[in-house]
1. Does segment 37-62 hold any residues that are of a type outside the set (D, E, K, R) and assigned to a strand (DSSP E or B), and which are they?
2. Restricting to segment 31-45, what's the tally of residues that are small (Gly, Ala, Ser) and within 17 Å of Phe17 (Cβ to Cβ)?
Amino acid sequence: MKGEVQHMQQGKRYQVFSIKEIHEHNEKKSVWVKAGSAWVNRDGSINVYLDVLPLDGKLHVREALEHRSAQANGSSEAGNNEAMGAH
């Protein structure tokens, strides 16, 4: 739910994004580029595997889309939205 604090869980996969702010037609837009994946270890540390490096040095980590869509649908079946990367 929006505004609800969620803690990272061991063994769960997270997606890593680089978010670029662009100005298009006098509007500010965000472009989300999938930068890699992350997992939480037993000791609470996090492994991050990057496919790209962000130019601005900022990364955003969030729950993988197939987990979020399955929770929203009340199903354990993975959604097909992962490849989109846009929000």
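1. Ser37, Ala38, Trp39, Val40, Ile46, Asn47, Val48, Tyr49, Leu50, His60, Val61 - these are the residues of segment 37-62 that are of a type outside the set (D, E, K, R) and assigned to a strand (DSSP E or B).
2. 4
Any read-out appearing in this document is the output of simple, stated calculations on the displayed coordinates, not a laboratory observation. Everything numeric in this text was worked out from a predicted model, so none of it was measured. Note: ideal-geometry Cβ built from the backbone for every residue, glycine included; neighbour counts use all protein chains shown.
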